[in-house]
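The structure appears right after this line, and notes come after that.
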Amino acid sequence: MRLVPFTQFLTPWVGVYLGKRDLTQGDPNEFAHDYRTQFLNLGLQYNLEPLRIVTYAPLGAGIVLVPVEGREPSVDAMHKEGNMLRSRTIVQRGPWSKASIVLLGALALTGCASSLAVRVPKAGPDVTCITPAPAHDVLVGVALSGGGSRAALFGAAGLEALGRMRAPGGGSVLEQMTYLSSVSGGSVAATYYASQKPPRQTPVLTPEGALMDDYQTFFIEITEKMGQDFESALFWRQLLAFRWLNSSLAARSLFEIMGERLLGPTTFGDLARREVRGDSLRLIVNTTLYNSGRRFALTTLPPDASHL
């Protein structure tokens with residue numbers, strides 16, 4: 001066997017591999033593809049230097065980087081002694097003991113693991129986090145789009161801009177908002193605004209049209225919160241907690257980081273109590289079920305409010 005690699009990506013842009021390489025694959029391109037389907041032009045397809053130094057199927061390890069789409073630089077370390085038979089001897093009798101092979105196989109299997117499915121019972125009529133839809137003649141809704149950290153910052157800045165705008169009937173446009181709907185990165189700003197904004201008794205604008213001190217402090221805080229480097233924190237949490245063996249555990253790591261750095265122990269029950277007091281507008285966080293593509297909305301609104 002010429003190609004027996006184990007590859008594990010720690011993040012979407014950094015991966016490691018370990019195993020037996022096949023240097024005859026070369027670098028397929030428009031002028032010289034693999035030898036099975038196209039005329040083989042070694043000068044265009046291969047870096048001949050590795051073939052001069054090592055066997056064509058050596059043992060090796062390396063790091064793969066994907067900084068941008070279409071570019072995959074890598075750093076390789078390969079065993080340059082002997083040939084195929086020599087490589088087999090190393091595996092059988094050298095530092096690559098049978099126990100090491102079993103351990104490597106077990107490590108490879110962890111990459112196939114996934115989180116356990118948890119079935120949650122259907123909510124009954126006694127649920128405390130569902131609040132009735134607002135009974136207003138005029139409903140004002142704001143939607144925040146997705147786009148990662150940039151969407152979170154843009155959403156926070158957009159809410160601040162609406163806060164500085166006077167509504168025709170007086171007060172701020174923010175005070176006229178009934179619904180806040182969001183998706184993806186925009187949901188980070190939306191959930192923080194809905195759960196942490198000043199209470200209803202605090203007006204947004206002064207009589208002169210400037211932001212009240214409480215809202216100035218709040219918008220400075222939300223901008224700083226949205227500007228955090230969650231991506232690096234997620235990387236290190238995955239690495240140090242050995243969760244990189246199972247990429248599906250990134251959701252758990254992100255949940256922990258969001259709780260520590262952003263929302264704390266806030267639940268939809270807490271949000272429902274704020275909405276009942278009038279301290280928050282109705283929040284709708286839109287997501288998609290990965291296995292079916294169906295829309296899945298996280299909200300305190302009852303199901304019959306969706307016709308609005």
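The values are calculated or read from the model by the stated rules, or taken from the named source; none is laboratory data. Source: prediction; values computed, not measured. Quick reminder, even Gly has a Cβ in these numbers, built from the backbone with ideal geometry, and neighbours come from all protein chains shown. Accessible surface is based on the protein model in full, side chains and every heavy atom, while ligands, DNA and RNA are left aside. Shrake-Rupley method; radii C 1.70, N 1.55, O 1.52, S 1.80 Å.
Table: residues versus (1) assigned to a helix (DSSP H, G or I); (2) polar (S, T, N, Q); (3) within 19 Å of ALA143 (Cα to Cα); (4) without any contact (Cβ under 8 Å) to a residue 40 or more places away in the chain.
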site	(1), (2), (3), (4)
TYR193	yes, no, yes, yes
TYR215	yes, no, no, no
PHE219	yes, no, yes, no
ALA233	yes, no, no, yes
ILE284	no, no, yes, no
PHE296	no, no, yes, yes
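Pairs linking a residue in segment 154-178 that is over 16 Å from TYR192 (Cα atoms) to a residue that is assigned to a helix (DSSP H, G or I) and acidic (Asp, Glu), with Cβ atoms under 9 Å and 6 or more positions apart or on different chains, are ALA167/GLU175. Considering segment 269-296, the residues that are in contact with a strand residue (DSSP E or B) (Cβ under 6 Å, 6 or more places away or on another chain) and at pLDDT 90 or above include one that is most open to solvent (accessible area, probe 1.4 Å), namely THR287.
Does segment 259-268 contain any residue that is under 16 Å from the mean Cα position of the chain (by Cα), assigned to a strand (DSSP E or B), surrounded by 12 or more Cβ atoms within 10 Å (Cβ to Cβ) and in contact (Cβ under 8 Å) with a residue 12 or more places away in the chain? No, there is no match, as no residue in segment 259-268 is under 16 Å from the mean Cα position of the chain (by Cα), assigned to a strand (DSSP E or B), surrounded by 12 or more Cβ atoms within 10 Å (Cβ to Cβ) and in contact (Cβ under 8 Å) with a residue 12 or more places away in the chain. The set of residues in segment 133-186 being open to solvent by less than 30 Å² (accessible area, probe 1.4 Å), more than 18 Å from ARG200 (Cβ to Cβ) and in contact with a Gly (Cβ under 8 Å, 6 or more places away or on another chain) consists of LEU144, ALA151, ALA152, GLY155, SER182, GLY185, GLY186.
The set of residues in segment 237-251 being surrounded by 12 or more Cβ atoms within 10 Å (Cβ to Cβ) and without any contact (Cβ under 8 Å) to a residue 24 or more places away in the chain consists of ARG237, ALA241, ARG243, ALA250.
Across segment 238-253, what is the total count of residues that are part of a helix (DSSP H, G or I) and either among the polar types (S, T, N, Q) or modelled with pLDDT of 90 or more (or both)?
Of segment 238-253, the ones part of a helix (DSSP H, G or I) are 238-240, 243-245, 247-253.
After this cut, where a residue has to be either among the polar types (S, T, N, Q) or modelled with pLDDT of 90 or more (or both) as well, the list is 238, 247-248, 253.
Number of matching residues: 4.
Buried (at least 17 other Cβ atoms within 10 Å of the Cβ) and either more than 30 Å from PRO132 (Cα to Cα) or modelled with pLDDT of 90 or more (or both), is that true of SER232? So SER232 does not fit the description; no.
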